Amino acid sequence: MEQQAREAHVRSIIEAVRWTEFPDALGTRVDLTEPLVRITLDRRLPNEERYYCSGAMYNHICCQGSMGEVTLPVTRVVHRLLEADLAVKPDLLYELLEVHRTSWTELPMTDPDTGEQVVMWEATFRELYRHKDLYLRDLDRLQPSECPALLDLLWLLSPKYPEIIDHAVQRSAQLEGDERAVIEAKIEQMRAALEDDKADHDHRLDIEP
């Protein structure tokens, strides 16, 4: 996609959200338009150039496991950007989803898309679960070394969807050398997560999309 057209499309998705209407986990209301544009187009500032996104973005989305009303809009926008294949480096967006590994906030909120009352963590995890096939699409087209956050997100979901492990095994058969080693290591972690969940079940996995 031509650069100018890509940026216009990215902005149209991100700017559709009135970001300052939604407090984050710390109660702050911040316009996240430019940070999300930078991450999507890989124009990050120096303090944003580390694995699992910038500290500021992490705090807005999931601060020490706590979620805010902005968490759900961010999650939905990130999925829209990924579905439209707009990210220069898709794993930078997956970093914004993988941080939910610690998310658990039971406060109610009004879903901005439906107007219904929902529980923060339930609504967010439903978004993750209903996009499983999107994640598998990207697993098939990205090199494992290019998508550590995606692999970690799939690890998070693998106890709920063991077919993720089967899909990863099929993907590993298409690879060689270091790339195959990366995904095989993650497959072993997925299998361990499945066994661990049998012993100590994560009830977030009981939510259906």
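Once fully extended, how much extra length lies between ASP133 and SER145, figured as 0.36 nm per residue of separation less the alpha-carbon to alpha-carbon distance? All intermediate terms of the calculation are to be shown ahead of the outcome.
Details: separation 12, 0.36 × 12 = 4.32 nm, distance 2.00 nm.
Additional length available on full extension: 2.3 nm.
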**Asked** So, by mean Cβ neighbours within 10 angstrom, what's the order for 98-107, 14-23 with the highest one leading?
**Response** 98-107, 14-23
**Item:** Relative contact order, percent, region 1-148 [alpha-carbon distance under 8 Å, six or more residues apart]
**Value:** 22 percent
**Positive-end residue of SER12, LEU92, MET190, charge dipole of the chain with Cβ unit charges** = SER12
**Asked** What share of all Cα pairs of region 39-141, in percent, falls into each consecutive 5 Å distance bin?
**Response** 2, 12, 24, 24, 19, 13, 5, 1
**Request:** Run down the aspartates and glutamates and flag those whose C-alpha is under 13 Å from the C-alpha of LYS186, throwing out any fewer than 8 positions away in its chain.
**Result:** ASP152, ASP166, ASP178
**Percent carbon-and-sulfur accessible area, region 35-178, ignoring ligands, DNA and RNA, probe 1.4 Å** = 48 percent
**Request:** Run through every distinct alpha carbon pair of the chain and return the Kirkwood hydrodynamic radius in angstroms, one decimal place.
**Result:** 17.6 Å
**Asked** From the residues ALA123, LEU36, MET109, which one has its Cα farthest along the dipole of the chain in the positive direction, the dipole being from +1 and -1 charges on Cβ of Lys/Arg and Asp/Glu about the Cα centre?
**Response** LEU36
**Message:** Once each part is reduced to its C-alpha centroid, what is the distance from region 139-209 to region 61-129 in angstrom?
**Reply:** 20 Å
**Request:** State to the nearest 20 debye the size of the charge dipole of the chain about its Cα centre, where the only charges are +1 on K and R beta carbons and -1 on D and E beta carbons.
**Result:** 360 debye
**Item:** Rounded accessible area per residue of the chain, 1.4 Å, Å²
**Value:** 47 Å²
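The values are calculated or read from the model by the stated rules, or taken from the named source; none is laboratory data. This structure is a prediction, so every number in the text was calculated from the model and none was measured. All Cβ positions, even for glycine, are placed from backbone atoms using ideal geometry, and neighbour counts span all protein chains on display. Side chains included, ligands, DNA and RNA excluded: accessible areas come from the protein's heavy atoms. Shrake-Rupley method; radii C 1.70, N 1.55, O 1.52, S 1.80 Å.
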